[in-house]
Amino acid sequence: MQYDVVIGLEVHAELKTNTKCFCACKNQAGSEPNTNCCPVCVGLPGALPILNKFAVEQTIRAGLALGFDINRTAIFERKNYFYPDLAKAYQISQLVKPICVHGSLRVGDKVIPIHRIHLEEDAGKLVHGADGNTLIDYNRGGVPLIELVTEALQEPHIESAEEAIAFLEKLRQIYIYAGVSDCLIEKGQMRADVNVSLKPKGSSTYGTKVEMKNIMGFKSVYRAIKYEIERQRDILDDGGVIEQETRKWDDDKGENFTLRTKENSQDYRYFPDPDLLAVEISDAEVERIKKSMPILPDELKARYMNEFGLSEYDADVLLQFKHVSDFFNECVAEYNQPKNVCNWLTTEIMARIKTETGAGPILISKQNLLWLIKNVDDKKINRLNAKEVLSKVWGTNLNSEAVAKQNNWIIDIDNGALDGIVKKVVDSNPNVVAQFKAEADPKILNYLVGQVMKEVRGKASAADVMAKIKELLG
Amino acid sequence: MLSDSEFEHLRNLSKLELSEGEINKFKADFNDVIAFASQVSKAQVDLTKSYFSSIKMEDLREDMPKPSLKQEEVIKNAPNKKNGCFVVPRIME
Ligand SMILES: [Zn+2]
């Protein structure tokens, strides 16, 4: 039987702020355990939460980046559950009036509707020991977290694992460019819950949803969705019924198993947190944040393609990492040759910074790189030597111009002298010239170019030399 | 009145083990508390107005860090601690 697949996503991202959501402890990963904690963080009786203005601002910023409406009144609720990652036995979250409602995200040709983004606090970190004990570090507890939920009952839906990953990658890029989160997946700064349901093709009734929570990494999300679609398809094809349940994805085994069924589903007993006032968000505040919005990837892409004439592929490569496109923008602001700058960045620089999980820092200054690009463009240094300079300068505090001079790579040979050398090489290689005249294949001339370059120790442009040889041979 | 199943649900959420005697005692207490709180519903209020108080976003806390507690202070009262962490029995979902 043919089925329509419907995929829902709940995406958590840790906000970039100085302090936690409800206290003035640092929002800082990598500290010694329980050193960014106060009575609020560890839920001591009588401790009162005080909401961080910037966490609200960042949530609004995330919402604006995705075209959300901003609720003018936001309310915080307690979500009660008993687990040691929450010292208070409840998480402060939002249910009835989240900060952002009704947004969307374009993935390919589809505009996927998004239900809401709300602000909540992250939980502490548990380390399960082999001795039957669990260690708790509350540094992460109270870190501001935004949860985005896609629209469950409104089309178009995410319909495949590929679309889900495209959605997550696009969302991650937007959050990073908007400056709301670093979204480091390996540090758990972005996590996804996935729900999957199948319905007979064309049917207007939705199937039963199965949820998988806290899947780490996009590759795992992809595999988990593929697996769950197949599992449900097998059950339905055999005439079975899908149970509404939460399943746990086991990445090592590549399969999932039942965690919680509908009968023992959680009862969170949400109610408004009496410790926190409702927040009034004025038009003026929303306007102020709108004005402070950084330029987002879609807008940059359009500029790269329309104003700078870059290909879509090149634009995507530059935009894949914010620090690369930032560097590109700075370089172009100073040297208005976007295509040439782009070529250097997408080849030489990307090759040096790309890692398995992302990209490292660019270890050459804008000035040093621009010196190389400009001087290659002006034929003051040949491309191969310029790449050599880049290798020598990379990761050091050497200066491109000094390195080029030291190695005697600055092209200072005058035209007349170069003509003389070209003539000498052509005259002393009659066999090559004869072969070229017989076969008319310009590749044969590469040998002569190489000879000239050797004579001038690379201090000429290969293209110039080729032109001179061709001219000489008529 | 709290039904037996509602009471059992609450007991379960609270992770409490109760004896037969405690169950009867707490059930009675619970019903007293609910009866007391129910007086609120007799109040004459205009439900078209909202009664919750609010704060302007502008007046929220600025995002400036303040010193946290020292690690030994944070875990001082924990019955079991290790490597600067609280230690609890392992609970897996
Ligand atoms: Zn704190």
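The values are calculated or read from the model by the stated rules, or taken from the named source; none is laboratory data. Keep in mind the model is a prediction, meaning the values are calculated, not measured. No Cβ is skipped: glycine too gets one built from the backbone with ideal geometry, and neighbour counts run over all protein chains shown.
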- Query: List the pairs whose first member sits in the range A:29-42 and is among the acidic types (Asp, Glu), whose second member is near the ligand (Cβ under 8 Å from one of its atoms) and part of a loop (DSSP other than H, G, I, E, B), and whose Cβ atoms are under 6 Å apart, counting only residues at least 6 apart or on separate chains?
  - Reply: none
- When (1) within 17 Å of A:Tyr81 (Cα to Cα); (2) touching a Ser or Thr at 6+ places or on another chain (Cβ under 7 Å); (3) without any contact (Cβ under 8 Å) to a residue 40 or more places away in the chain are applied to A:Thr261, the one that fails is (2)
- Query: Among A:Leu153, A:Leu119, A:Leu168, A:Leu135, which is within 14 Å of chain B (Cβ to nearest Cβ) and within 28 Å of A:Gln244 (Cα to Cα)?
  - Reply: A:Leu119
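Test A:Gly30 against the stated conditions and say whether it is within 22 Å of A:Gly188 (Cα to Cα), more than 10 Å from chain B (Cβ to nearest Cβ) and assigned to a loop (DSSP other than H, G, I, E, B). Even if it seems obvious, please write down each step before you answer.
Numbers: within 22 Å of A:Gly188 (Cα to Cα): yes; more than 10 Å from chain B (Cβ to nearest Cβ): yes; assigned to a loop (DSSP other than H, G, I, E, B): yes.
Against the criterion (within 22 Å of A:Gly188 (Cα to Cα), more than 10 Å from chain B (Cβ to nearest Cβ) and assigned to a loop (DSSP other than H, G, I, E, B)), A:Gly30 qualifies.
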- Given the conditions (1) in a loop (DSSP other than H, G, I, E, B); (2) within 16 Å of the ligand (Cβ to nearest atom); (3) within 14 Å of chain B (Cβ to nearest Cβ), and given that A:Lys16 satisfies all but one, which numbered condition is not satisfied? (2)
- Give just the number: which of (1) in contact with a helix residue (DSSP H, G or I) (Cβ under 9 Å, 6 or more places away or on another chain); (2) away from the ligand (no atom under 13 Å from the Cβ); (3) among the polar types (S, T, N, Q) does A:Asn34 not satisfy? (2)
- Only one of (1) within 30 Å of the chain's Cα centre (by Cα); (2) more than 8 Å from the ligand (Cβ to nearest atom); (3) surrounded by fewer than 23 Cβ atoms within 10 Å (Cβ to Cβ) is not met by A:Ile60, so which one is it? (3)
- Message: One residue is enough: does the range A:40-55 have a residue meeting the conditions more than 15 Å from the ligand (Cβ to nearest atom) and modelled with pLDDT of 95 or more?
- Response: yes
- Task: Of the conditions (1) more than 9 Å from chain B (Cβ to nearest Cβ); (2) within 16 Å of the ligand (Cβ to nearest atom); (3) of a type in the set (Val, Ile, Thr), A:Val5 clears all except one; give me its number.
- Result: (2)
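Give A:Asn336, A:Asn340, A:Asn385, A:Asn329 a once-over and let me know the one that is of a type in the set (S, T, N, Q) and either farther than 21 Å from A:Lys301 by Cα or in contact with a Phe, Trp or Tyr (Cβ under 6 Å, 6 or more places away or on another chain) (or both).
Selected residue: A:Asn385, the only one of A:Asn336, A:Asn340, A:Asn385, A:Asn329 that is of a type in the set (S, T, N, Q) and either farther than 21 Å from A:Lys301 by Cα or in contact with a Phe, Trp or Tyr (Cβ under 6 Å, 6 or more places away or on another chain) (or both).
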- If you check every pair at least six apart or on different chains, which have Cβ atoms under 6 Å apart with a residue in the range A:310-326 that is over 17 Å from A:Ala166 (Cβ atoms) first and a residue that is crowded, with 18+ Cβ neighbours inside 10 Å and polar (S, T, N, Q) second? A:Asp314/A:Thr346; A:Leu318/A:Ser325
- Residue identified as assigned to a strand (DSSP E or B) and farther than 25 Å from A:Glu121 by Cα among A:Ser197, A:Ser204: A:Ser197
- Would you be able to say whether some residue in the range A:436-448 is touching an Asp or Glu at 6+ places or on another chain (Cβ under 7 Å) and part of a loop (DSSP other than H, G, I, E, B)? no
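Please go through the range A:46-80 and give me each residue that is of a type in the set (Ser, Thr, Tyr) and facing another protein chain (nearest Cβ under 9 Å), ordered by number.
Restricting attention to the range A:46-80, the residues satisfying the condition of being of a type in the set (Ser, Thr, Tyr) are A:59, A:73.
Hit for the range A:46-80 is A:Thr73, nothing else.
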- Give the residues of the range A:436-474 that are under 44 Å from the mean Cα position of the chain (by Cα) and among the charged types (D, E, K, R), sorted by residue number. A:Lys443, A:Arg457, A:Lys459, A:Asp464
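Do you know which residues across the range A:291-347 are among the aromatic types (Phe, Trp, Tyr) and at pLDDT below 95? Walk me through it before giving the result.
Filtering the range A:291-347 for residues among the aromatic types (Phe, Trp, Tyr) gives A:304, A:308, A:313, A:321, A:327-328, A:335, A:344.
Result: A:Phe321, single match.
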- From the set of residues in the range A:66-114 that are surrounded by 20 or more Cβ atoms within 10 Å (Cβ to Cβ) and of a type in the set (Gly, Ala, Ser), which is farthest from A:Ala284 (Cα to Cα)? A:Ala87
- Residues in the range A:121-134: is at least one within 16 Å of the ligand (Cβ to nearest atom) and hydroxyl-bearing (Ser, Thr, Tyr)? no
- Message: Out of the helices (runs of 4 or more DSSP H) lying entirely within chain B, which hold 1 or more residues that are within 7 Å of another protein chain (Cβ to nearest Cβ)?
- Response: B:4-13, B:71-74
- Can you give me the number of residues within the range A:214-256 that are under 25 Å from the mean Cα position of the chain (by Cα) and among the hydrophobic types (A, V, I, L, M, F, W, C)? 7
- Query: surrounded by fewer than 22 Cβ atoms within 10 Å (Cβ to Cβ), assigned by TED's automatic domain parsing to the domain that holds A:Val101 and either more than 11 Å from the ligand (Cβ to nearest atom) or not aliphatic (A, V, I, L, M) (or both): does that describe A:Ala29?
  - Reply: yes
- Message: So, in the range B:36-93, how many residues would count as being more than 16 Å from the ligand (Cβ to nearest atom), at pLDDT 85 or above and among the β-branched types (Val, Ile, Thr)?
- Response: 4
